[in-house]
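Let me begin by presenting the structure, written as structure tokens, before commenting on it.
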Amino acid sequence: MSERAIEVRGLIRRFRSFQLGPLALNVDQGSVVALVGNNGSGKSTLFRLLTGLLTLDQGSIHFYSEGKQLSEQEAKGKIGYVGRPFGLFQHETIDSLASFFSYWYPNWDQQKYQRLLQRYQIDPQMSLAKCSNGEQKKVELILALSSSPQWL
């Protein structure tokens with residue numbers, strides 16, 4: 001039997017015209033989970049709740065690693081999330097974005113960041129605004145992987 005990685009109980013997040021939940025979800029270590037749904041069904045909202053970018057209105061989210069429950073700060077350091085819009089950062093260079101993100105992730109690996117830039121042929125001095133949509137997704141992936149997440 002696998003150990004639990006994430007446990008969600010009674011999760012509710014309310015907006016003016018939408019409510020996500022109540023939702024219950026258990027994810028075991030080593031598993032792969034896909035969320036499929038229509039636009040506006042709450043997939044991104046769930047990920048924003050899991051990463052702490054949004055707060056719950058009701059319910060709980062618990063993260064586990066090596067058989068123990070993690071604090072919110074410990075869990076955030078183990079999550080890599082691809083899908084954040086970088087609207088406010090469009091005129092920043094890729095390197096300045098990496099510098100900003102590295103501050104928030106204690107497991108940031110600068111060498112991995114450099115290797116991934118080379119692998120995906122991304123110029124670190126280019127502004128995000130000059131990147132194509134595909135290059136922006138590569139940058140998101142590079143930033144998420146460079147934090148050496150346990151969960152992506």
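The values are calculated or read from the model by the stated rules, or taken from the named source; none is laboratory data. Remember, predicted model here, so these are calculated numbers, not experimental data. Neighbour counts run over all protein chains shown; Cβ positions are idealised from the backbone, glycine included. All accessible areas refer to the heavy atoms of the entire protein, side chains included, with ligands and DNA or RNA removed. Shrake-Rupley method; radii C 1.70, N 1.55, O 1.52, S 1.80 Å.
Points to keep in mind about this one:
- The angle between the Cα long axis of helix 94-104 and the main principal axis of the chain comes to about 40°, on a 0 to 90 degree scale.
- Protein accessible area in the chain, 1.4 Å probe - carbon and sulfur %: 50 percent
- Helix-only CD estimate at 222 nm, as mean residue ellipticity for the chain, using -39500 (n - 2.57) per DSSP H run (n ≥ 4): -9000 deg cm²/dmol
- Taking a sphere under 15 Å around the Cβ of residue 3 and counting the other residues whose Cβ falls inside, with K and R at +1 and D and E at -1, yields a net charge of 0.
- A 1.4 Å probe run over the stretch 1-125, with the rest of the protein chains in place, finds 67 Å² accessible per residue.
- Only alpha carbons enter this Debye calculation for the chain, each as an equal point scatterer, and the log10 of I(q)/I(0) it gives at q = 0.09, 0.12 Å⁻¹ is -0.33, -0.58.
- Counting only alpha carbon atoms, the long axis of helix 133-146 and the longest principal axis of the chain meet at about 70°.
- Divide the volume of the convex hull around the Cα atoms of the stretch 10-57 by the residue count and you get 84 Å³ per residue.
- Multiplying the residue separation of residue 152 and residue 86 by 0.36 nm and removing their Cα-Cα distance gives an extension gain of 21.9 nm.
- Selection of chymotrypsin sites (Phe, Trp or Tyr not before Pro), the stretch 96-141, meeting DSSP coil and at most 14 other Cβ within 10 Å: 120
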